[in-house]
Structures are given as C-alpha cells and as structure tokens.
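These notes concern the structure reproduced below.
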Amino acid sequence: MKRMIVAMAALVGASAVHAQSTLEAVQKKGYVQCGVNVGLAGFSQPDSQGVWKGIDVDLCKAIAAAVFGDASKVRYTPLTAQQRFTALQSGEVDVLSRNTTWTITRDTSLGLNFVGVNYYDGQGFMVRKGGVSAEGKKAAKGKAARTITSAKQLNGATVCVQPGTTTELNLADYFRANKMTFKPVVIEKLEEVINAYFAGRCDVYTTDVSGLVSVRSSRAPKPEDHVILPEVISKEPLGPAVRHGDDRWFDVVKWALFAMIEAEELGLSSKNIDQQASSANPAVQRFVGASGDIGKMLGLDNKWALNIVKQVGNYGESFDTNLKPLGFDRGINKLWTQGGLMYAPPIR
Amino acid sequence: MKKSWLAQAGLLAAVGLVLWYFASNTAQNLEARKIASGFAFLAREAGFEIGETSSIAYSAADTYLRALGVGLANTARVALAGILFATFLGTLVGLARLSPNWLLSKLAAGYVETVRNIPLLVQLFFWYTIISESLPGPEDALNPLPGVFLSNRGIFLPLPGDVPVLSGFNFSGGMALTPEFAALLIGLVTYTAGFIAEIVRAGVLSVPRGQVDAAYSMGLERRGALRYIILPQALRLIVPPMTSQYLNLTKNSSLAVAIGYPDLVSVANTTMNQTGQAIEGIAVIMAVYLTISLSISAFMNWYNRRIALRGAAR
C-alpha cells in the first residue's frame, strides 16, 4: 500500500520537488527527513523511550548538525528494504541512511547517488548450533547432532531471506557457483523473517554479517545457540544515498560523513573538541572553522564540522556507542592509519 | 440531445488530458532523474531463486518474465484450490446452518460470525504461526500415516512409487505442501467459506415455501428435496454473488506477501526492487489481476446464463 502511495507521489508531485534544491528545501522546512531501517540494532532502532539510535541515525543527526547547528532537527521515516528507493526517488525522504549496499546498478539506474561508505560489510550465514532442528528439540531427544561448520555444507538447506536486497541475489549466486541447491523463504518484514528462522522454518538465516550479529545479540532467545559461519560471500559497502542530480545536497551529505571520519583521525571527539578548537594545528583550525571558509563553500555555517563532532561525535565514538556493545569488532572499519578502510579526503 | 453529446465529449477529452498530463510528467521526471523505464528488464536474468514453482522449471538464471510467470502460476494454484475448497466448505456450512439440528446450526452460525469478523491478514499470521511454531523439525517429523510426514518444513505426501524420505536438511520426493502454501490456502478457504455459507443460506431460503412443501408431499426426504428441488432453484440466486466471492479470494491471495508465499505480488515486488522500476511493476500486477478477474467473471456469467435459461424455459 505504501508502495502505491509512493508511486502515486512520484506520478503527481515529483516535478514540484525537483524545482528547488534539496538543501534549500531542507533549510526552509527546518528539519532533515531521514529514511532509516525499521529496526536493526546498532544501525537504526528506537530505544525504549522511542528515541532513534544507531550509526545510520548518527549520520542523519550529523547532517542536521551541519545544516542547522542542531543535531535534533531530524525526522525519521522507517523504511523496509522494498520501500527505501521509491521513498528517496519520490522525495518522501531527503536522504536514505539505511544500511544500503552501494552497487553499480543502484548508482546508475535507480536515480540516486551513493555518497560514501559508513560501514564495510559482507554477507554471511547464521545456523543453529549442532544442526537443523528447532531450538532445544535436538538436545532433548539426544540424537547425534550434525555440526555445520562451513557454508559449503548447506546443500539442500532452507534459507530465510528478505526480498529486494542484494542479499537475495548473492545467495542465488553463491549456491549456483558452488553447484548447490536451496529453498528460499522470502518474507519482507524483518520481524517475520527472523521469527520464521527462530521457529525452525529455515535452517539458515542470511544477511550482511553486521545484521546477523545484531539479530543474534538482540533478538535470539539464546544467542549462544546460533553460529555465524566463517564464509563471507560478498562485499557489502553500506552507505547513505541521495537523489541523483542535486550536487549541492550530495556534497553536504558526503562531507557530513567525511567530517566524522576526519575528526577521528585528527583526534577530535565530542569530549575534547571545545579545548581542541583553540589548538594551533592548522588542520584542526580549518576543521572547526576558526580559519578558512570551508563551511561557506558547502553553503553552510563555518562551524558545521565543529557542530557535528560536538553534538554527534566522531566515527569511532559512534561505532563504540552503537555497535561495540552488540559484540561488533571494528575490523576493516578501522581508520586507514590503523590498517582499516575508513579514509576521508582532506578537509581543506 | 446535441448538448448532452457535447458534454460527454468534453468530459472524455478532460479525462484524456489528465491522463496524458500524468503520463508525460512521469516520463519527464524519470528521464530527469535518470531512472530507467520501459519493459526491457523483462528479458534480463532475474538472478534470484523462488521457493516453490508450481511445476514450472525455473532457476536464478532465467528471465524476470519467467520469474513473473512462476509467480502467476503460484497465484493461480492457490486461487483455484482455494475456490474449490471454499465452495465445498461454504456450501456445507451454509446447509448446516439451516439444519433442524440445533447444535449443528449454532456451530455453523458461530463459525460464520467468527471467520467473517476477523481480518484475513490476522488469520493468515495465525495459521502460519500454528504451522511453523507447533510442528516439529524435519528430523522429528510426525508420521501419522505411512509415507505422510508433518513438520515445520511442510506436509509431505507420498505419490505412487515416490515416497518422501529425509535426506540432508529436508524431505525429498513425494508431493510437498509448504507451510506458506498451506497457511495461505487454509486461511483463504476458511475465511471465504464464511461468506459463501451465507450466500448459500440466502439462496436456499429464497426458494418459495410452497416448493419445499410440494417436494415433501411428493415423498422426497430432506436430502432428496435439497438435491432435486431446492438447490437447482437456489443456484440461480447463488451464482452472481458467488462470482464476487471468487474474485475476492483471488485478490486476497496477494496477502501471501506477508507470510512469504511466492505469489505474483511477491515476485513482482522483488523484481521492482532489483530493477528499481516500480511503475512498470505495479502496471504488470494490475494488468494480471485485471485479466484473472475478468476471466473469472466471464466464466461465471456464462455459467449464470446457462442455468438462468433453464429456469426461464420452465
């Protein structure tokens, strides 16, 4: 139904949206409309008070901090995997920050542009420890358990997966390449698809490894009963996207992301940025807007980056608050100076 | 006379203009955003697997068109089976409600009021949860009859010379009904049967009392009176509203998306997301449902004329 409404919006209202730039439109309405996941712990999920938390949510806040100097000026639109692109295309959201894989098809034929990567991920498989039956039944019967230790042993398995994702395609590719067969059970709502897996309808649940870790620690009745297999079968660079053809807004979102990464590299955090603002380091001086006019070049206040770090934090802080407690390892998402892939072009 | 003709033409032109405005505006916006359009994607490789294929050969290497064909076959399979069973169950319940047996008639009334007044989507979740949560895993499958296995992977029935056996993760061989198909079919049948029961009851009650009395006075039992006198006359009243129940059942089968049965809407949704062409995808879904619905209507109208003629010739 929502899809229909969005399609209608695309039919009727799209020309109006196109008339002015997104940055002007956002400044005029006074908030950023951010498309996020309906609920993936660590990325975007409302807490018990209904406050959205996660690294994708932090990016939304960073954009608001850069544009308004106030990280709270964000409104969230929770989107399923299927709704996300239409919502962005039709102008229902200003930016899509929803653990979305950057691929060439999406970049070229969906009318959107990816601005960068805020989490380097890969697709994996999760299975029940010690075999295939539903929770506990196996142990009670005392039958010899068949242990799955590799994805190569999954021939003939039933696999739970969400539709409309690169996951669904990688899954088919992997089994084809390894001459194995499988039965997919494709359910749109995250809640329903993981329920089906935990109920034993599927032998395997597949999604990005980050999603597996998140689901295992936040949704599994007994997290220790589930194993994530060692194979990572794809590259999944997750990042925010904006509509194609609006370069100024593209720049704002891109540099909001880079500012968080650059801040970590410069050693600037929400705790120390006020003291560091008076540091003699010229790179820091430029970053906090004490020298130069980088903010103006973006069409923003000169303190844009200072506001991001002060109100939201640097990339490492966001990772440590949101993902570390769930058992995420920083891994390849470390800074390039520490052997990871997180690298921001110079802010100068 | 002439004036009204002009007004009609004006209205037609206005509607045409509005449609043309929407179409050209959409095309222009898609072009401006560099969003792909057109139906060329149908010939491209789909790249995703489909859980059940209603005996159409399909693999991830086939085209989107074929994938949509599989979705259509799955929709047709559940709709046909649903119409058949719902008619049967609905007729039984409708007659039971008219039964002189107090308990039977109250039970039937209770059934109708319950299933008609709970949203179908809720009922589908109910059946799906029952099947996937309460049945054991394949290794502990229930085996009520030789060759018949019940587990949370579905119901496996033996075919002549082809008995299901547990191999690896799941059973293979025999005939398999997946939990998704079973839940959808049970949900659609029980829900629609509630409405059909009421239509049957109304049809039977519409037969004049005199006809019933005459049947009994000719020495027919209740069963014979129903079979030869009441039902043939009731049928003429039953068929038209029954058509709309069949159409409802077919359209309701699109709720399959919620419980993971790969019907047309489910496959089209995936297609739309992989290609990003939502407008074309929605157009395909609408065209297909319109075609199915009009076909059912045409068939039922033909059947209606056939039985109506027999009545008129009396």
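Bear in mind these aren't lab numbers, they're just calculated from the coordinates by the rules spelled out. Quantities reported herein were computed from a predicted structural model and do not represent experimental measurements. Here Cβ is always computed from backbone atoms with ideal geometry, including for glycine, and neighbour counts include all displayed protein chains.
Over 23 Å apart at the Cα level, from the set A:Lys296/B:Lys34; A:Lys129/A:Lys235; A:Lys73/A:Lys303; A:Lys53/A:Lys129; A:Lys73/A:Lys296, are A:Lys296/B:Lys34; A:Lys129/A:Lys235; A:Lys53/A:Lys129.
Evaluating 6.51 cos²θ - 1.76 cosθ + 1.60 at θ = phi - 60° for every residue in the stretch B:172-178, the Karplus couplings come out as 10, x, x, 10, 10, 10, 6 Hz, glycine and proline recorded as x.
Here the calculated FRET efficiency for B:Glu221 and B:Ser55, from their Cβ-Cβ distance with R0 = 45 Å, stands at 0.55, rounded to the nearest 0.05. Calculated FRET efficiency, A:Ser48 to A:Asp320, Cβ-Cβ distance, R0 = 22 Å: about 0.60 to the nearest 0.05. Cβ-to-Cβ counts within 10 Å put A:Ser97, A:Ser278, B:Ser151 in ascending order as A:Ser278, B:Ser151, A:Ser97, the fewest first. Loop-located chymotrypsin sites (Phe, Trp or Tyr not before Pro) in the stretch B:1-96 (DSSP state not H, G, I, E or B) with no more than 12 neighbouring Cβ atoms inside 10 Å: B:Phe39.
Each of A:Glu262, A:Glu231, B:Glu221 has some number of other Cβ atoms within 10 Å of its Cβ, and from fewest to most they run B:Glu221, A:Glu231, A:Glu262.
Pairs of Cα atoms nearer than 8 Å and 6+ residues apart set the relative contact order; for chain B it is 20 percent. Rounded, prolate or oblate for chain A? Axes are the square roots of the Cα gyration tensor eigenvalues, ordered a ≥ b ≥ c, and the cut-off for rounded is a/c under 1.5. The shape class here is prolate. Amide H to amide H distances under 5 Å link A:Asp121 with A:Glu236, A:Leu238, where only residues 5 or more positions off or on other chains count and H is placed in the peptide plane. Listed values for the stretch B:96-104 are Karplus-derived 3J(HN,Hα) couplings in whole Hz (6.51 cos²θ - 1.76 cosθ + 1.60, θ = phi - 60°), namely 4, 5, 8, 5, x, 5, 4, 4, 4, and x replaces Gly and Pro.
Counting only aspartates and glutamates at least 8 places from A:Lys271 when in the same chain, those with an alpha carbon closer than 20 Å to its own are A:Asp58, A:Asp70, A:Glu262, A:Glu317, A:Asp320. A convex hull fitted to the Cα coordinates of the stretch B:83-202 yields 125 cubic angstrom per residue.
Between amide H atoms placed 1.01 Å from N, distances below 5 Å from B:Thr63 occur with B:Ala46, all of them 5 or more places distant or on a separate chain.
Using the Karplus relation 6.51 cos²θ - 1.76 cosθ + 1.60 with θ = phi - 60°, the per-residue 3J(HN,Hα) values for the stretch B:139-150 come to 6, 10, 4, 6, 10, x, 10, x, x, 9, 10, 10 Hz, with x marking Gly and Pro.
Computed from label points 7 Å out along Cα-Cβ, the spacing between A:Thr149 and A:Met297 is 5.4 nm. As a proxy for reagent exposure, A:Cys34, A:Cys60 were ordered by neighbouring Cβ count within 10 angstrom, fewest first; the result is A:Cys34, A:Cys60.
For the stretch A:217-254 versus the stretch B:4-60, the spacing of their alpha-carbon centroids is 31 Å.
Under 5 Å from the amide H of B:Gly276 lies no amide H of any residue 5 or more positions distant or on a separate chain, with H modelled from the backbone and absent for Pro and chain starts.
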